[in-house]
Protein chains: 2
Amino acid sequence: MTYPLSPVFARTVPDGDTHERAVCENCGFVAYENPKIVVGSVVRHDGKLLLCRRAIEPRRGYWTVPAGFLELHETPEDGARREALEEANARLAIESLLAVYSVPRLSQVQLIYRAVLHEPGFSAGEESLEVGLFGWDDIPWDDLAFPTVHWMLGHERQVQEGSIAAPFANPEGRSADLRPR
Amino acid sequence: MTYPLSPVFARTVPDGDTHERAVCENCGFVAYENPKIVVGSVVRHDGKLLLCRRAIEPRRGYWTVPAGFLELHETPEDGARREALEEANARLAIESLLAVYSVPRLSQVQLIYRAVLHEPGFSAGEESLEVGLFGWDDIPWDDLAFPTVHWMLGHERQVQEGSIAAPFANPEGRSADLRPR
């Protein structure tokens, strides 16, 4: 199939808009870019938490929870289940929303759920080097992949201790731009 | 500026991926498409709620809360404040997350906050025909723009009645595909 013209994008503010967009100078098509949604789960089993060691960049070799980008036409809960299946061959029962974090530097909003294993068993998927269950004292705190992983494990602990009922957001004044210490 | 080639996109599953994407056959660029985030606010003032009558499609002429697409590098709270300023010339103080709704048909996740007017005063912005404050008995229930507007007003009422502490999600089994009756 051939077309009379090819797309030629230029940055401009479309009529009635407030932001500069990539607009095709031939056809007027506006290529909107917006933040992406990451969905993930803090998964409990036998009193421990499930963590995956990343086989891919960024932060290859560091530990995280099963999480990834929400796909078109997917609910956040379905996305969180899919990611756990892909990264940890784990089938989850989602319980509730634990936290909403935002990482404006990366144009990312993370929706993190509490979950348990719906069926026993898990193993490393293609994007994981290994997957394991960790008690609180065994969590590799110094080798967590991202600040939000640190936050969500701490927030999960607070929920388990019964100290809060509502979901968490970014800690006061924090934009999640830094790696955890 | 000229380029030796133009982008030619074909639908294919990239290596290591699980979903079909638009991939440029000349340069390998993957044009990921993901769901978008809508941020909005249920705004209280003098015991009433602020609603905007839409000046744009879809659902022109129907009532909604100030809400719109989150922009790159914006936090959800900043986006909710920006939308209220654009659509209702209202300056908000955001209080807390009220609800997370998903509309998979539209590949949309909505983050809805509770807010109050930080400064008195509001008026119709470019995308609104009019803006008003409504007591519960005066809300135009039959002329609300979207199902989620119906939900969030009901959820706001439940919060005001003190019956819940956590944020709401879609009502059981509902995908927000239908307009409110």
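The values are calculated or read from the model by the stated rules, or taken from the named source; none is laboratory data. Since the model is a prediction, treat every value here as computed from it, not as a measurement. Note: ideal-geometry Cβ built from the backbone for every residue, glycine included; neighbour counts use all protein chains shown. Quick note on the areas: whole protein, heavy atoms, side chains included, nothing else; ligands and nucleic acids left out. Shrake-Rupley method; radii C 1.70, N 1.55, O 1.52, S 1.80 Å.
After finding the eigenvalues of the alpha carbon gyration tensor for the range B:1-40, what semi-axes result from the square roots of 5 times each, listed largest first in whole Å? Mind dumping the intermediate values first?
Numbers: eigenvalues 119, 58, 9 Å².
The three semi-axes for the range B:1-40 are 24, 17, 7 Å.
Hey, can you find the accessible area per residue of chain B for me, probe 1.4 Å, expressed in square angstrom?
So chain B comes to 52 Å² accessible per residue, rounded to a whole number.
So what's the angle, to the nearest 10 degrees on a 0 to 90 scale, between helix B:147-160 and the longest Cα principal axis of chain B?
Between helix and principal axis, roughly 50 degrees.
Want the number for B:HIS73 to B:SER6: 0.36 nm per residue separation, take away the alpha-carbon distance, what's left?
Extra length from B:HIS73 to B:SER6 when fully extended: 21.2 nm.
Defining the label point at 7 Å along Cα→Cβ, can you sort the distances from B:GLN158 to the same site in each other copy, shortest first, in nm?
From this label point to the equivalent ones elsewhere in the assembly: 2.3 nm.
Apply the Karplus parameterisation 6.51 cos²θ - 1.76 cosθ + 1.60, with θ equal to phi minus 60°, to every residue of the range A:63-74 and state each ³J(HN,Hα) to the nearest whole Hz, in sequence, with x for glycine and proline.
So the J values, rounded to whole Hz, are 9, 8, 9, x, 6, x, 6, 5, 9, 3, 6, 10.
Run through the other copies and list how far each one's label point is from that of B:PHE69, in nm with one decimal, shortest first; the point sits 7 Å from Cα along Cα-Cβ.
Going from nearest to farthest copy, the values are 1.6 nm.
Using modelled amide H (1.01 Å from N, peptide plane; none on Pro or chain starts), what sits under 5 Å from the amide H of A:ALA55, excluding residues fewer than 5 places away?
Hits under the 5 Å cutoff: A:GLY61, A:SER128, A:LEU129.
What is the distance in Å between the Cα centres of the range B:24-73 and the range A:1-30?
21 Å
Which value, in debye to the nearest 20, describes the size of the charge dipole of the protein assembly as shown about its Cα centre when Lys and Arg Cβ atoms bear +1, Asp and Glu Cβ atoms bear -1, and nothing else is charged?
Roughly 140 debye, rounded to the nearest 20.
Would you rank B:ASP15, A:ASP143 by solvent-accessible area, highest first, keeping every protein chain in place and using a 1.4 Å probe?
Solvent-accessible surface, decreasing: B:ASP15, A:ASP143.
Run the label-point distances for A:LEU129 please: 7 Å along Cα to Cβ, every other copy, nanometres, shortest first.
List, nearest first: 6.0 nm.
Residue by residue, what Karplus-based ³J(HN,Hα) values in Hz, rounded to whole numbers, does the range B:129-136 have, using 6.51, -1.76 and 1.60 with θ = phi - 60° and x for Gly and Pro?
Ordered by residue, 3J(HN,Hα) equals 7, 7, 9, x, 9, 10, x, 3 Hz.
With every protein chain left in place, what is the accessible area of B:PHE9 in Å² (1.4 Å probe, nearest 10)?
Ignoring ligands and nucleic acids, B:PHE9 comes out at about 100 Å².
What's the average, rounded to a whole number, of partner chain beta-carbon atoms within 10 Å of each residue's beta-carbon in A:65-78?
Numbers: counts 0, 0, 0, 1, 4, 7, 8, 9, 8, 7, 9, 8, 3, 2.
That average works out to 5.
Using a 1.4 Å probe on the protein chains only, how many percent of the accessible area of the protein assembly as shown belongs to carbon and sulfur?
Values: 9140 of 18710 Å².
Whole-percent figure for carbon plus sulfur exposure: 49.
To the nearest 100 Å², how much accessible surface do chains A and B hide from each other in total, with a 1.4 Å probe?
Details: alone 10830 and 10810 Å², together 18710 Å².
The contact between B and A buries close to 2900 Å².
Might you report the magnitude of the Cβ-based charge dipole of chain A about its Cα centre, with Lys and Arg at +1 and Asp and Glu at -1, to the nearest 20 debye?
So the magnitude is around 300 debye.
May I ask you to work out the translational diffusion coefficient for the range A:53-111 at 37 °C, viscosity 0.692 mPa s, via Stokes-Einstein with Rh from the Kirkwood sum over Cα pairs, reported in whole µm²/s?
Answer from the Stokes-Einstein relation: 260 µm²/s.
Can you show me the helix-derived [θ] at 222 nm for chain A, built from DSSP H runs with n ≥ 4 at -39,500 (n - 2.57) apiece and divided by the number of residues, rounded to the nearest 500. Mind dumping the intermediate values first?
On the way: 2 runs with 27 residues, N = 181.
Helix-only estimate at 222 nm: -5000 deg cm²/dmol.
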